[in-house]
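The values are calculated or read from the model by the stated rules, or taken from the named source; none is laboratory data. The model shown is predicted, which means the values in this text are computed figures rather than measured ones. Because the Cβ atoms are built from the backbone with ideal geometry, glycine has one as well, and the counts that use them run over all protein chains shown.
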Amino acid sequence: MTSKPSAAAPPTVARLPLRERKKLRTRQALIDTALKLFGERGFDAVTLNELCDVVEVSKRTFFRTFDSKEDVALAPTQDLWTAFLDVLEDCPADGRTLIALFEDSLAGAIDRMDADGWTERALASRRLAAHTPSMEAHGLAFCDRTTHAALAVVERRFDLPGTGEVHARLALDMLVAAFHRALAAWVAQPAGHTRADLAHRLHATCAELPGALTLKAEGRA
């Protein structure tokens with residue numbers, strides 16, 4: 001089952017119809033409450049019924065928004081990657097290398113995240129995932145779907161010569177690896193958890209990719 005579409009709040013949320021604003025508020029309440037309860041008691045100790053009771057929504061409402069407990073717990077980073085697809089869809093084809101285009105699109109997605117609370121939710125989600133195997137498995141499945149979606153955007157929008165399809169997949173895999181390295185370092189730092197700092201770590205890690213590709217494995221003396 002695929003995850004429900006992301007609902008990361010855009011800057012124009014105040015102009016949305018009342019019904020859509022209510023949906024977004026309910027979605028955010030589910031995310032915030034889930035991360036709070038999971039953090040306090042552990043992921044497996046909180047049932048879906050309990051979560052819905054605290055937020056005062058039905059399970060039917062929950063499943064109109066999320067597919068599972070894992071889905072709601074991973075929402076902060078899943079919203080980020082959904083925004084990445086949106087930025088990638090609109091970015092100019094200006095001759096940048098594909099890896100640079102991917103990097104800039106992800107940095108743009110980070111900038112689009114909600115300035116009020118996204119970093120705290122992302123931190124709580126990643127710390128929870130570190131010791132919740134089912135979340136990690138769910139995240140891998142989401143990553144695979146997102147990778148295929150991003151490659152579909154690239155294939156539709158850009159003319160890739162020769163083995164460009166293979167190179168696009170490798171470039172995207174490198175971006176994902178660099179992001180996870182940057183994200184882990186960002187989560188581990190004692191303070192300064194801002195979107196700008198996460199984007200800075202992403203750029204710094206991507207700058208190391210050429211060195212990783214040319215690093216020689218010399219034998220020890």
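Within the stretch 162-191, which residues are acidic (Asp, Glu) and more than 16 Å from TRP81 (Cα to Cα)? Answer for the stretch 162-191, where residues must be acidic (Asp, Glu) and more than 16 Å from TRP81 (Cα to Cα): just GLU165.
For the stretch 45-65, the tally of residues that are closer than 19 Å to HIS138 by Cβ and loosely packed, with under 11 Cβ neighbours inside 10 Å stands at 1.
Do you know which of the residues in the stretch 78-109 that are part of a helix (DSSP H, G or I) and among the hydroxyl-bearing types (Ser, Thr, Tyr) is nearest to the chain's Cα centre (by Cα)?
Step one: of the stretch 78-109, the residues part of a helix (DSSP H, G or I) are 78-90, 98-109.
Then keep just the ones that are among the hydroxyl-bearing types (Ser, Thr, Tyr); that gives 82, 105.
Values: THR82: 7, SER105: 12 Å.
Here the residue is THR82.
Consider the stretch 69-123 and keep the residues that are surrounded by 16 or more Cβ atoms within 10 Å (Cβ to Cβ) and among the acidic types (Asp, Glu). The one that is farthest from PRO190 (Cα to Cα) is ASP86.
With respect to the stated conditions, GLY164 fails to be within 21 Å of the chain's Cα centre (by Cα), at pLDDT below 95 and either among the small types (Gly, Ala, Ser) or assigned by TED's automatic domain parsing to the domain that holds ARG96 (or both). Anything in the stretch 121-150 that is part of a helix (DSSP H, G or I), under 14 Å from PHE38 (Cα atoms) and either charged (D, E, K, R) or without any contact (Cβ under 8 Å) to a residue 12 or more places away in the chain (or both)? List them, or say none. Correct list: ARG121, ARG126, ARG127, PRO133.
Only one of ASP86, ASP53 is within 30 Å of GLU155 (Cβ to Cβ), of a type outside the set (A, V, I, L, M, F, W, C) and at pLDDT 95 or above; which? Residue meeting the stated conditions: ASP86. Of the residues THR194, THR214, the single one that is touching a Ser or Thr at 6+ places or on another chain (Cβ under 8 Å), over 15 Å from GLN78 (Cα atoms) and among the polar types (S, T, N, Q) is THR194.
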